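Undergrad: First, the structure itself, so that you have it in front of you.
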Amino acid sequence: MWLRSVRGTLVVAVRRYFSRADAAAGKSVTVEEVSSRICGGEDSLGKRLFKLVYTKRSAVVAIRKWQEEGNTVKKYQLNRIVRELRKLKRYKHALEVCEWMTQQQDMRLVPGDYAVHLDLVGKVRGLASAEKFFEDLPDRMRGHETCTALLHTYVENKLEVKAEALMKKMSECGFLKSPLPFNHMLTLYIGNRKLEKFQGVFQDLRIKTSPDLVTYNLVLTACGQRHDVEDAEKTFTLLKKAKLDPDWVTYSILSNLYIKSELHEKAVSTLKEMEKMAVRKSRAAFSSLLSLHTNMGNKDGVHRIWEKMKACFQKLNDAEYLCMISSLVKLKEIQEAENLYKEWESESGTGDVRVSNVLLAAYINSDKMQEAENFYRHIIQKGITPSYTTWELFTWGHLKTKQTVKALKFLKKAIGSVKKWNPDKRLIEEVFKVLEEQENIEGAEQFLVMLRNGGHLSTQIYNSLLQIYAKAEKMPLIIAERMRKDNVEMDEETRKLIKATKHMCVSEIAVDL
């Protein structure tokens with residue numbers, strides 16, 4: 001198949017098309033909201049599927065039981081259920097529903113159904129499975145919809161070369177008749193900060209089809225990356241001339257750009273327009289407004305939006321509490337943040353440690369380690385499970401107070417809490433910096449073992465270790481043999497440090513071979 005020849009990798013993350021403030025807001029919806037909107041108060045297949053929650057439970061079993069009770073199952077109902085399950089990020093159950101549909105001879109599936117199915121395969125089973133699913137499709141189903149779904153999978157997996165090759169093939173097949181595939185590529189290049197490629201795709205889009213609102217929002221985001229207010233305003237004018245109505249995302253992107261450019265009056269104007277569009281159906285807009293008002297330092301605006309949220313929604317979700325507590329912390333209203341956290345504890349019941357970590361970070365960043373430790377004990381009593389971020393925050397806090405024993409203890413917990421450790425380069429540098437200040441060879445050797453176990457040894461790491469030995473005027477033992485065993489190459493700096501320490505007193509610290 002032609003698809004098998006499409007290969008490549010991408011090294012930069014792809015972000016959503018709106019600003020970081022919007023991304024922080026999330027689009028959280030609850031099972032209760034979806035169930036109520038679609039099913040009302042009566043029993044239905046949708047309600048049963050939404051209540052499964054746990055991934056180990058089977059959507060297929062629920063569908064079969066529904067049929068055994070004498071109920072019918074219609075395709076349009078399942079399509080709607082799949083759509084809502086995707087909004088809830090319940091991808092496994094949505095995929096099970098799609099797979100069940102493909103096995104029903106009386107259900108006539110169209111390319112759009114297979115496009116959704118392909119997208120879910122990519123999310124649940126990975127890229128290779130999504131590609132195989134595409135290749136196994138009948139020729140009549142491999143049209144622009146399923147190709148666009150595969151393109152979206154490539155973008156989500158940050159595979160630039162594959163995405164570009166697929167776009168070329170889609171162009172040859174005459175599949176580029178809507179802005180959607182172009183928008184996927186624009187999103188990719190924004191995340192990759194390849195604005196020269198972005199501009200080329202945008203021009204190609206304008207030749208082959210017409211930009212939609214998402215396209216213009218992406219162009220505005222690119223303007224934000226360049227800090228180009230003038231070009232952003234020209235783009236907004238083009239949007240209006242195209243007789244498209246800006247949405248809250250449009251005004252959010254503009255507001256974010258104006259705030260960063262210190263254009264206060266313009267930011268106030270766009271925020272007012274954005275607030276008019278913050279309604280129940282655009283729930284994420286409220287959290288974005290909170291973040292933007294916070295970035296302006298507008299405390300009154302933050303509290304006003306929060307009150308509107310409480311009036312508009314019967315129950316606020318974890319993402320919204322997290323956003324508001326973060327805003328209060330940034331505005332240095334710690335007492336209010338603590339009070340709101342207590343409200344969240346009593347209202348939510350999810351025990352989402354990400355909310356707790358916001359307040360924990362506030363204590364640690366303010367050098368209030370005792371409050372941080374007291375708060376940690378509190379969340380443990382409440383049954384909240386610490387995360388990697390929890391331990392990393394304590395590591396940073398103890399590094400600030402030069403308590404390296406505690407810092408290394410918490411860092412070890414952090415590394416042990418994740419399957420794969422992707423360390424912050426700044427954290428590694430800070431640990432070595434403090435250990436060098438203290439001439440702490442023993443701590444440095446302990447840290448080296450952690451880095452080895454985490455799979456993050458390098459020439460620079462060994463050089464940092466040797467610098468600590470040199471500062472302490474001690475000679476490291478069998479350093480060349482250790483580096484060889486760890487498959488780490490020496491460089492000129494390594495040799496200079498070994499030479500500088502070879503006549504010093506031998507260290508009595510035991511090393512791990």
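Undergrad: Under 13 Å from a label point 7 Å along Cα→Cβ of Asn487: give me every residue in the stretch 450-475 with its amide N that close.
TA: Correct set: 455-458.
Undergrad: Let a ≥ b ≥ c be the square roots of the eigenvalues of the Cα gyration tensor of the stretch 428-502; is it rounded (a/c under 1.5), or, if not, prolate (a/b larger than b/c) or oblate?
TA: On the way: a/c = 1.60, a/b = 1.03, b/c = 1.55.
The shape class here is oblate.
Undergrad: Gain in length, Ile380 to Lys168, computed as 0.36 nm per residue apart minus the alpha-carbon separation, to one decimal in nm?
TA: Values: separation 212, 0.36 × 212 = 76.32 nm, distance 5.39 nm.
Gain in length upon complete extension: 70.9 nm.
Undergrad: Provide the net charge surrounding Leu263, with neighbours chosen by a C-beta distance below 13 Å and charges set as Lys +1, Arg +1, Asp -1, Glu -1. Numbers along the way, then the final one.
TA: Working: positive: Lys260, Lys266; negative: Asp228, Glu230, Glu233, Glu262, Glu265.
Neighbourhood net charge equals -3.
Undergrad: Same structure, new question: Probe of 1.4 angstrom, ligands and nucleic acids ignored: what's the accessible area per residue over the chain, in square angstrom? Mind dumping the intermediate values first?
TA: Numbers: 26690 Å² over 513 residues.
In whole numbers, the chain has 52 Å² accessible per residue.
Undergrad: How many angstrom lie between the Cα centre of the stretch 384-398 and the Cα centre of the stretch 418-485?
TA: One Cα centre to the other: 21 Å.
Undergrad: May I ask for the Kirkwood hydrodynamic radius of the stretch 339-432, worked out over all distinct Cα pairs and given in angstroms to one decimal?
TA: Values: mean 1/r = 0.0725 Å⁻¹.
Kirkwood hydrodynamic radius for the stretch 339-432: 13.8 Å.
Undergrad: Divide by every residue of the chain the summed helix terms, -39500 (n - 2.57) for each DSSP H run of at least 4, and state the resulting mean residue ellipticity at 222 nm, rounded to the nearest 500 deg cm²/dmol. Walk me through the numbers before you get to the answer.
TA: Values: 29 runs with 351 residues, N = 513.
Calculated from helices alone, the mean residue ellipticity at 222 nm is -21500 deg cm²/dmol.
Undergrad: Can you give the Kirkwood hydrodynamic radius of the stretch 237-313 from its Cα pairs, in Å with one decimal? Can you show the working numbers first?
TA: Numbers: mean 1/r = 0.0787 Å⁻¹.
Result for the stretch 237-313, one decimal place: 12.7 Å.
Undergrad: Normalise the Cα radius of gyration of the stretch 124-274 by 2.2 N^0.38 Å (N = residues in it) and let me know the number. Present the calculation step by step, with values, prior to reporting the outcome.
TA: Working: Rg = 17.3 Å, N = 151, 2.2 N^0.38 = 14.8 Å.
Taking N as the residue count of the stretch 124-274, the ratio is 1.17.
Undergrad: Which pairs in the list Lys56/Lys92; Lys47/Lys87; Lys299/Lys368; Lys243/Lys308; Lys471/Lys502; Lys89/Lys315 are over 21 Å apart, alpha-carbon to alpha-carbon? Spell out each step's value before the answer.
TA: On the way: Lys56/Lys92 9 Å; Lys47/Lys87 15 Å; Lys299/Lys368 24 Å; Lys243/Lys308 30 Å; Lys471/Lys502 13 Å; Lys89/Lys315 19 Å.
Long pairs (Cα-Cα over 21 Å): Lys299/Lys368; Lys243/Lys308.
Undergrad: To test your reading of the geometry: what angle, between 0 and 90 degrees and rounded to tens, separates the Cα axis of helix 318-330 from the longest principal axis of the chain?
TA: 50
Undergrad: Counting Lys and Arg as +1 and Asp and Glu as -1, what is the net charge of the other residues whose Cβ lies under 10 Å from the Cβ of Leu254?
TA: Details: positive: Lys266; negative: Glu233, Glu273.
Neighbourhood net charge equals -1.
Undergrad: Can you give me the solvent accessible area of Ile461 with a 1.4 Å probe, rounded to the nearest 10 Å²?
TA: 10
Undergrad: On to the next question. By its C-alpha gyration tensor, with a ≥ b ≥ c as the square roots of the eigenvalues, how is the stretch 68-188 shaped: rounded for a/c under 1.5, else prolate for a/b larger than b/c, else oblate? Mind dumping the intermediate values first?
TA: Values: a/c = 2.16, a/b = 1.74, b/c = 1.24.
Here the stretch 68-188 falls in the prolate category.
Undergrad: On the protein heavy atoms, probe 1.4 angstrom, tell me the percent of accessible surface of the stretch 393-513 carried by carbon and sulfur.
TA: Numbers: 3460 of 6810 Å².
Ligands and nucleic acids excluded, carbon and sulfur reach 51 percent.
Undergrad: Could you work out the local net charge near Glu343, counting Lys and Arg as +1, Asp and Glu as -1, over the other residues with Cβ closer than 11 Å to its Cβ? Don't skip to the end; give the middle numbers.
TA: Numbers: positive: Lys310, Lys342; negative: Glu336, Glu338, Glu345, Glu347.
Value of the local net charge: -2.
Undergrad: What are the ³J(HN,Hα) couplings of the stretch 500-506, residue after residue, when phi is run through the Karplus curve with 6.51, -1.76, 1.60 and θ = phi - 60°? Round to Hz, x for glycine and proline.
TA: Couplings: 5, 9, 5, 9, 7, 5, 6 Hz.
Undergrad: Expressed in whole Å with the largest first, what are the equivalent ellipsoid semi-axes of the stretch 42-125 derived from the C-alpha gyration tensor as the square root of 5 times each eigenvalue? Can you show the working numbers first?
TA: Numbers: eigenvalues 68, 52, 23 Å².
Result for the stretch 42-125: semi-axes of 18, 16, 11 Å.
Undergrad: Expressed as an acute angle from 0 to 90° and rounded to the nearest 10, what is the orientation of the C-alpha long axis of helix 459-472 relative to the principal long axis of the chain?
TA: Approximately 30 degrees, to the nearest ten.
Undergrad: What part of the accessible area of the stretch 265-318, given as a whole %, is carbon or sulfur when the probe is 1.4 angstrom? Let's see the in-between values first.
TA: Working: 1340 of 2720 Å².
Carbon with sulfur: 49 percent of the solvent-accessible area.
Undergrad: Once the Cα atoms of helix 299-312 and of the chain are each reduced to a long axis, what angle between those two axes, in degrees from 0 to 90 to the nearest 10, is obtained?
TA: Roughly 50 degrees, rounded to the nearest 10.
Undergrad: Scale the Cα Rg of the chain by the rule-of-thumb value 2.2 N^0.38 Å and send over the ratio, two decimals. Each step should come with its number before you reach the end.
TA: Working: Rg = 27.2 Å, N = 513, 2.2 N^0.38 = 23.6 Å.
In units of the 2.2 N^0.38 Å rule of thumb, it is 1.16.
The values are calculated or read from the model by the stated rules, or taken from the named source; none is laboratory data. Since the structure is predicted, the reported quantities are computational estimates derived from the model, not experimental observations. Counting neighbours? That spans all protein chains shown, and the Cβs are built from the backbone with ideal geometry, glycine included. Heavy atoms of the whole protein, side chains included, go into the accessibility calculation; ligands, DNA and RNA do not. Shrake-Rupley method; radii C 1.70, N 1.55, O 1.52, S 1.80 Å.
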